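These notes concern the structure reproduced below.
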């Protein structure tokens, strides 16, 4: 097993996905089926691999079993379907690509390859990452991945809060663990799925925009507008630029994010910039969106074909069944994506009234119900849907906040929705189903952390981008003044996002997450301890434990809080354990703790009595200032 084996499995999965997408071949173009097939295939691989590993663990036997299941699906689809893998048509389609199209996707491929190649970097023995937003999130995902790959975490427990059911949509991380188990290194394990899902997202947004607007230019602009989103933070960039002395040095080392973590000065006061950029704040650090966004884009396309185009009743039902199956698999892929799809579908029932919607809801609910029941077993549900005005505007007036963060986007969105000629009336009606994706995050909590409401807002941006692109493409088809105005508006829409992506690709955002010595400690812990061992350590976000696959007694509070977990009692117990004595022994026995880790952070923050620990428990790892004690319960 190795990287080539992982690529072979990925090709097999994508082939399955292509043939599944070909079940609605009559309505999807070849390019749509290729993009949809890539996303569906990787989701199929994640689901089959997880269900197989759930029974037998993640090991060579279950990996080979997964491959055989994928191969059996491929053979079955080839036999029962009249469709065949259309190599001739694929070659013909590629040969017909205009130079602009080839350049367009070539540039996207280069950018995505560059961005995602920096997510996990091992240089000098240490683990580095980029962008900086990933510095906080990646250790959590590493804990999830290693718990599946090396910790035998089946059925899944929360890897950073042992003993609690794991209710995070983890399949994207399981897929990375599967790739690791199949022999890929860290970089390949991350890169293969990230790149394929991201390039497919570009294609699916383009196809959705083309169907909604009928304009090839609008279709090409829509992914650019969506993925390079940002507000008026570029005004701060020009202020910073004016105070710089070396243009190229400044551009290569941008001093700040221009879509997040900045205050925009206006005549009405300071306004927080929180909209972020899809690449740097969502797709890379919030990994489950790599599945959620393309899935939702595909579901929207199927809905539009069913009700927005002249589709016969039988074909409409087939499309809705297909969309329902996709929606039903979403909760474990991206829970907020499933929530978004279901509230939009409920609204669209009234916009396009038809009993045919039953064909969507039956498979969606049947497949999602067990997942939703599982995910509902968490304290998070007690914190949802409480009133919360204007997302994260804080003290700023909501109108001013949204103008600073997405003002031009909102203004351009209004034009095709209230005017005529830019998009068809049916497309305007279709958009009504997605207004809730903007309204709800601005009036209630949809996650324990208010900013996480963006996990629904981003779907509103996805659905809105084709309409904004339609306005700009119309301007580009007019006279010179219109073209200049459209180009200016496009720059205003994407400049802040472009600056953040440039910064993410520069040395400024290359952050050391785990130094070489900590990696050595992690390797020693993994080789010394049992797969399901429970370890006590300091609750920091980048603990060495994230690379071991072992269960954490209590991980980083910032991660626990955003997942809705009340960790206050366990935090007190953690401090008691490190103080030692009879109370510590009682808690160790109560929780079933196997090891206590003492390193520089534990010594500084928890003040353990190391003499007492050494006198009572054997040391099984002693390296680079870290000691791991095996406790006797």
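Derivation of every value follows stated rules applied to the coordinates shown; laboratory data play no part. It should be emphasised that the depicted structure is a prediction, and the values quoted were computed from it without experimental measurement. Every residue, glycine among them, receives a Cβ derived from its backbone with ideal geometry; neighbour counts consider all protein chains shown.
Remarks
- Inter-label distance, nm, simple model (7 Å from Cα along the C-beta direction), residue 68/residue 399: 6.7
- The range 514-630: proportion of alpha-carbon pairs further apart than 17 angstrom, %: 52
- In degrees, nearest ten, helix 133-149 long axis to first principal axis of the chain (Cα): 70
- Shape of the range 358-429, Cα gyration tensor, a/c cut at 1.5: oblate
- Rg to Rh quotient for the range 129-190, alpha carbon positions, Kirkwood Rh: 0.97
- Mean shadow area of the range 155-258 over all directions, Cα convex hull, nm²: 11.8
- Cβ-Cβ FRET estimate between residue 451 and residue 376, R0 fixed at 22 Å, reported to 0.05: 0.45
- Fully extended contour minus Cα-Cα distance, from residue 152 to residue 26, at 0.36 nm per residue: 41.0 nm
- Applying 1/(1 + (r/R0)^6) with r as the Cβ-Cβ distance of residue 385 and residue 261 and R0 = 25 angstrom yields a FRET efficiency of 0.35.
- Each 5 Å bin from 0 upward holds the following percent of the Cα-Cα pairs of the range 397-498: 2, 12, 19, 23, 19, 14, 7, 3, 1, 0.
- Between residue 61 and residue 566, the FRET efficiency estimated from the beta carbon spacing at R0 = 45 angstrom works out to 0.70.
- Mean-position separation - Cα centroids, the range 111-132 and the range 394-462, in angstrom: 33
- Modelled label positions at residue 623 and residue 98, each set 7 Å beyond Cα in the direction of Cβ, lie 5.8 nm from each other.
- For the pair residue 532 and residue 506, label points projected 7 Å from Cα toward Cβ lie 4.9 nm apart.
- The range 296-344 versus the range 178-208: alpha-carbon centroid distance in Å: 22
- Mean shadow area of the chain, taken as a quarter of the surface of its Cα convex hull (nm²): 29.9
- For the range 320-459, alpha-carbon Rg and Dmax in angstrom: 16.8, 49
- Shape analysis of the range 509-573 places it in the oblate category; the axes a ≥ b ≥ c from the Cα gyration tensor give an a/c of at least 1.5, with a/b not above b/c.
- The range 514-630 - percent relative contact order, Cα under 8 Å, separation 6 or more: 27
- In the chain, Cα pairs under 8 Å separated by at least six residues give a relative contact order of 18 percent.
- Label point of residue 358 set 7 angstrom out along Cα-Cβ; within the range 320-342, amide nitrogens under 18 Å from it belong to 320-325.
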